[in-house]
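Working notes for the structure below.
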Amino acid sequence: MFSPPSIHRAIKTRNRKLQSGTIISITTIAHPPHPFPKKPRTIALIELEDGSRVLGQLATCYPAGHCLFIGYRVLPRMILSHVTPQGLRVYEIAYELAVEKHAETFDESVFPRYILAITGPSGVGKSTVSTLLEKVCSRSMQRVPILTTREPKHGDDGEYYYVSNKEFMLLGKQGKLATCAKILSKNEDRHYGYRRSDIEAIWKNGRIPVVVTEMHLLEGLAKSFGRRAILSFGLLPPGKSRRAMLSNLLFRLRKRGRETDIQIHERLKNAVKELKFFKERAELFDHILVNEDIDILHKKIAFFARRNA
Amino acid sequence: MQRDIFLIGSGQTRFGEWWDKSLRSLAEEAVNIALKNAPCTALDIDMVIVANMLGEVINNQAHLGALVSNFLPHTPPALRVEAACASGSIAIHTACALLESGRADTILIVGAEKMTDINAEIISQALMSAADSEQDQPCGLTFPGIFGLIAKRYMHEYGLTRKELNAVSFMHHHYSAKNPHAQFQNAISPEEVEKSPLIADPLHMLDCSPVSDGAAACILSTKKKSSYRIAASKLANDTVSITDRVSLTSFSATQKAAKNAYEEAGITIKNISCIEHHDCFSIAAIINLEDLGFAEKGKGIEWYTKPITSSLSSVTSINASGGLKACGHPVGATGVKQLIEIGKQLESTNTRYGLAHNFGGACATCCVHILENISAPSIT
């Protein structure tokens with residue numbers, strides 16, 4: 001059962017458990033079997049969001065008598081389950097009580113404030129991922145509106161807050177912008193930024209602010225809040241070479257049909273710089289992920305975010 | 001039943017922790033007693049069925065059919081069956097099918113298990129092989145853990161209290177004190193149950209059936225007759241993993257097997273005077289009585305907390321042997337022991353019908369047998 005091949009097979013189906021759920025029943029085992037650590041272990045039968053049920057360990061062990069936890073919401077989290085006799089460290093999905101998490105998040109002194117930043121070249125899928133994250137993890141995550149001086153466009157999905165150049169500059173002077181950047185372009189004069197107050201309001205509500213950034217915005221955020229306050233994801237398009245990645249981006253930008261050919265050309269030029277930036281400023285990223293499948297990608301980000309919490 | 005099948009002989013060892021006895025010697029002891037009190041000779045046995053779950057894991061002994069067949073001078077055809085804790089009753093069910101089909105006239109059924117040769121940690125892991133290895137085991141769950149989850153849910157749904165649960169083991173020990181074959185022949189107080197070490201919240205050590213050594217053998221025949229006829233033998237199954245169950249607080253395999261058994265015997269629960277049911281954990285005892293039809297949902301505990309009187313049935317004894325908890329639970333032997341015990345109780349009370357209920361895992365396999373004492377008056 002706990003041989004390396006069986007563990008390998010189990011890992012393949014582990015993602016199924018990566019959902020929040022509700023406790024159906026719960027018990028604390030005083031003497032877990034071999035090869036689990038010899039300390040009490042709390043195990044719950046959990047009904048997941050997709051309606052399936054799983055048995056999972058709770059990340060925290062609760063002493064006997066906690067019958068009240070039945071019906072409570074739990075969130076998945078990856079933990080070290082045990083170490084096999086061969087020395088293989090086996091990680092398993094465990095669950096933690098969402099109420100506890102909420103209780104923590106309302107307490108400003110305890111909440112581990114951080115920003116979830118998604119950086120990548122235009123067309124890589126940053127906005128799609130952030131939208132999905134907000135929908136799937138609506139209890140814990142919220143997108144931060146992007147301040148922009150550009151005109152509204154067909155296809156914008158409510159993520160922008162449109163301001164004039166003058167207003168933007170004034171906010172900058174008053175120190176109300178957490179970060180800002182000017183995107184160089186031959187035919188557009190575009191400023192983007194995030195208001196400090198928007199991020200802090202989301203923290204106050206006990207949620208994690210999700211920001212979509214490019215290299216300058218990410219650097220600005222790291223300066224404003226400190227690098228440790230950012231859980232930073234770099235998104236790459238699929239492809240083994242830079243050329244293949246750019247080709248993929250070109251395909252995606254053309255497919256979404258929001259930009260003209262000239263704009264697409266400029267975005268590809270910027271993308272070359274962004275891809276270089278991933279290598280040059282690797283310290284600004286916690287995880288570099290390839291967007292091959294948007295469903296898997298947003299789940300991965302949500303998982304890392306919960307683990308970080 | 002398509003043919004009349006009679007229980008013509010039976011024997012069992014005392015259940016317990018027998019360091020000086022092996023799996024083979026336990027089985028041999030039970031077989032010799034059964035043959036001694038049966039109206040047949042060893043040569044009349046034309047088939048042997050052995051029930052055992054963990055021979056390979058604990059005793060490094062597989063091939064148990066042939067091993068037991070060698071106890072008889074003519075080494076009759078033999079096979080071994082395994083269905084976790086339901087192995088014993090499955091062996092009886094298999095024997096009934098073979099007798100009904102005419103493939104055999106007289107069958108020796110032996111349930112044997114030798115569990116105390118290894119430490120508790122390994123036995124716990126071995127027993128867990130009766131659960132789903134991919135869904136239940138990876139999180140570190142044990143069988144007490146599974147029934148801990150069931151107990152917690154039951155308490156949540158029906159308001160059962162820890163204090164009420166104490167009554168189950170208290171009662172089983174009360175009965176086992178009078179059973180010479182029981183592993184524990186001592187009474188305990190309800191408070192002792194709750195004070196014993198915690199195993200899997202809310203279940204304590206005295207809520208759990210023990211690890212035991214023991215064997216039980218019986219002889220069923222269509223050729224030789226006795227006062228005890230198998231009136232029904234029914235098998236039902238459910239999902240192995242509790243994650244695939246709709247309800248944690250009732251076992252559908254018990255409900256199906258019991259319903260079919262009552263139909264096959266042509267009786268209702270009102271005709272049954274004694275029950276031996278599968279109380280592997282105290283919470284299971286409560287759920288069993290509800291699923292067998294002897295109590296409404298949420299009221300099974302009343303059989304243990306109030307005097308045995310019910311408008312639903314004429315039952316006068318429940319787990320008079322002490323059940324699995326107090327009589328002991330050598331896994332493969334339990335189902336066979338239950339049938340033998342029902343025979344003894346029908347004889348001592350001179351009543352007509354008794355029921356043996358045996359399940360494996362978290363009731364993923366369930367077998368219900370109804371034994372009829374044809375010389376006793378019918379209850380109308």
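Read the figures in this text as sums done on the coordinates, not as results from a lab. None of these values were measured; they are calculated from a predicted model. Don't worry about glycine lacking a Cβ; one is built from the backbone with ideal geometry, like all the others, and counts go over all protein chains shown.
Which of the GluC sites (Glu not before Pro) across segment A:1-101 are loop residues per DSSP, with 15 or fewer other Cβ within 10 Å?
Listed in order of number, the matching sites are A:GLU49.
Modelling each spin label as a point 7 Å along the Cα-to-Cβ direction, I'd like the B:GLU121/A:ARG196 distance in nm, to one decimal.
5.6 nm
Give the long-range amide H neighbours of A:SER25: residues separated by 5 or more places, or on another chain, with amide H under 5 Å away, using H modelled in the peptide plane at 1.01 Å from N.
Amide H to amide H, under 5 Å and 5 or more residues apart or across chains, A:SER25 pairs with A:LEU45.
Set the bar at 30 Å for Cα to Cα. Now go through A:LYS223/A:LYS273; B:LYS299/B:LYS344; B:LYS270/B:LYS306; B:LYS178/B:LYS299; B:LYS178/B:LYS224 and name every pair that lies beyond it.
B:LYS178/B:LYS224
Give the residue list of GluC sites (Glu not before Pro) in segment A:177-260 that are DSSP loop and have at most 13 other beta-carbon atoms within 10 angstrom.
A:GLU188
When chain B is modelled as a GNM with alpha-carbon springs shorter than 10 Å, which of B:SER273, B:SER124, B:SER221 fluctuates the most?
Maximum fluctuation in the GNM of chain B, among the listed residues, is at B:SER124.
Given 0.36 nm per residue, what is the gain on full extension from A:ARG227 to A:LYS38 after removing their alpha carbon distance, in nm?
Taking 0.36 nm per residue and subtracting the Cα distance, the gain is 64.2 nm.
What's the ranking of B:255-268, B:202-215, B:109-122 by average number of surrounding C-beta atoms within 10 Å, highest first?
B:202-215, B:109-122, B:255-268
Dividing the Cα convex hull volume of the protein assembly as shown by residue count, how many Å³ per residue is that?
186 Å³
What aspartates and glutamates could a cross-link reach from B:LYS114, if we take a straight Cα to Cα line under 14 Å and drop same-chain neighbours fewer than 8 places away?
B:GLU17, B:ASP20, B:GLU28, B:GLU29, B:GLU56, B:ASP213
Just the ratio, please: alpha-carbon radius of gyration of chain B over 2.2 N^0.38 Å, N its number of residues.
Cα Rg divided by the expected 2.2 N^0.38 Å: 0.91.
Taking amide H positions as placed in the peptide plane 1.01 Å from N, state which residues far from B:ALA231 in sequence (5 or more) or on other chains have amide H under 5 Å from it.
Correct list: B:ILE370, B:LEU371, B:GLU372.
Can you check what the net charge comes to around B:TRP303, using other residues whose Cβ is under 14 Å from the Cβ of B:TRP303 (Lys, Arg +1; Asp, Glu -1)?
Summing Lys and Arg as +1 and Asp and Glu as -1 gives -4.
Nearest 0.05, what FRET efficiency do B:THR268 and B:LYS195 give at R0 = 35 Å with Cβ-Cβ as r?
With a Förster radius of 35 Å, E is 0.30.
Rounded to the nearest 5, what % of the DSSP beta bridges within the protein assembly as shown are antiparallel ones?
Of all bridge pairs located within the protein assembly as shown, approximately 65 percent are antiparallel.
According to the square roots a ≥ b ≥ c of the eigenvalues of the Cα gyration tensor, what is the shape class of segment B:77-146, taking rounded for a/c under 1.5, prolate for a/b larger than b/c otherwise, and oblate for the remainder?
Note, shape of segment B:77-146 comes out prolate.
Where nothing but the Cβ of Lys and Arg (+1) and of Asp and Glu (-1) is charged, how large is the charge dipole of segment A:4-106 around its Cα centre, in debye to the nearest 20?
It works out to roughly 420 debye.
Please give the FRET efficiency for B:SER227 paired with B:ARG103, using the beta carbon to beta carbon distance and R0 = 35 Å, rounded to the nearest 0.05.
0.90
Tell me which DSSP H helices of chain B clear both cut-offs, 15 Å or more of axial length from alpha-carbon atoms and a mean Kyte-Doolittle hydropathy of at least 0.5.
In chain B, the long hydrophobic H runs are B:87-101.
Give the cross-link partners of A:LYS17 among the lysines, using a straight C-alpha distance below 16 Å as the criterion and excluding same-chain residues fewer than 8 apart.
A:LYS299, A:LYS300
Counting only other residues whose beta carbon sits under 9 Å from that of B:LYS256, what net charge do I get with K and R as +1, D and E as -1?
Neighbour charge sum, excluding B:LYS256 itself: +1.
Work out, step by step, the length gained on full extension between A:LEU80 and A:ASP189: first 0.36 nm times the residue separation, then minus their alpha carbon distance; give nm to one decimal.
Contour length minus the Cα-Cα distance gives 34.3 nm.
If you take every residue apart from A:LEU147 with its C-beta less than 12 Å away from the C-beta of A:LEU147, what net charge results, scoring Lys and Arg +1 and Asp and Glu -1?
So the surrounding residues net to +2.
At what distance in nm do the modelled label points of B:ASN186 and A:ALA282 sit from each other, each positioned 7 Å from its Cα along Cα→Cβ?
According to this spin-label approximation, the distance is 6.6 nm.
Please say if segment B:243-318 is rounded, prolate or oblate, where rounded means a/c under 1.5 for a ≥ b ≥ c the square roots of the C-alpha gyration tensor eigenvalues, and otherwise the choice is prolate for a/b larger than b/c and oblate otherwise?
oblate
Normalise the Debye intensity by I(0) for segment A:152-309, one equal point scatterer per Cα, no solvent, then take log10 at q = 0.13 Å⁻¹ and round to two decimals.
Each listed q maps to, in turn, -0.73.
Mind checking which of A:LEU75, A:PHE36, A:LEU97 is farthest towards the positive end of segment A:4-106's charge dipole, using Cβ charges of +1 (Lys, Arg) and -1 (Asp, Glu) about the Cα centre?
Most positive-ward Cα: A:PHE36.
How far, in nm, would the chain grow between A:ARG113 and A:VAL272 when pulled straight, counting 0.36 nm per residue and subtracting the alpha carbon separation?
54.0 nm
As an exercise, identify the chymotrypsin sites (Phe, Trp or Tyr not before Pro) in segment A:133-184 lying in DSSP coil whose Cβ has no more than 13 other Cβ atoms within 10 Å.
Sites meeting the loop and neighbour criteria: none at all.
Report the antiparallel proportion of the DSSP beta bridges in segment A:4-106 as a percent, rounded to a multiple of 5.
Roughly 90 percent of the beta bridges in segment A:4-106 run antiparallel, per DSSP.
With a cut-off of 17 Å, note down the residues of segment A:5-30 whose backbone N falls inside the zone around a label point 7 Å from the Cα of B:SER247 toward its beta carbon.
A:25
Roughly how many debye, to the nearest 20, is the charge dipole of segment A:115-308 about its Cα centre, given +1 on each Lys and Arg Cβ, -1 on each Asp and Glu Cβ, and no other charges?
Here the size comes out at about 320 debye.
For chain B, modelled as a GNM with alpha-carbon contacts under 10 angstrom, which of B:SER133, B:SER241, B:SER317 fluctuates the most?
B:SER133
Using the beta-carbon distance between B:ALA42 and A:ILE11 and R0 = 56 Å, what value does 1/(1 + (r/R0)^6) give for FRET efficiency, to the nearest 0.05?
Efficiency, from the Cβ-Cβ distance: 0.55.
Each label point is 7 Å from the Cα along the Cα-to-Cβ direction; what then is the distance between the points at B:ASN70 and B:MET205, in nm?
Result: 3.8 nm between the two label points.
Magnitude of the Cβ-charge dipole of chain B, K/R +1 and D/E -1, about the Cα centre, nearest 20 debye?
920 debye
Lysines near A:LYS276 by alpha-carbon distance under 16 Å, same-chain residues fewer than 8 away left out - which ones?
Output for A:LYS276: A:LYS240.
Just the number: Rg to Rh for segment A:4-106, Cα atoms, Kirkwood Rh, two decimals.
0.97
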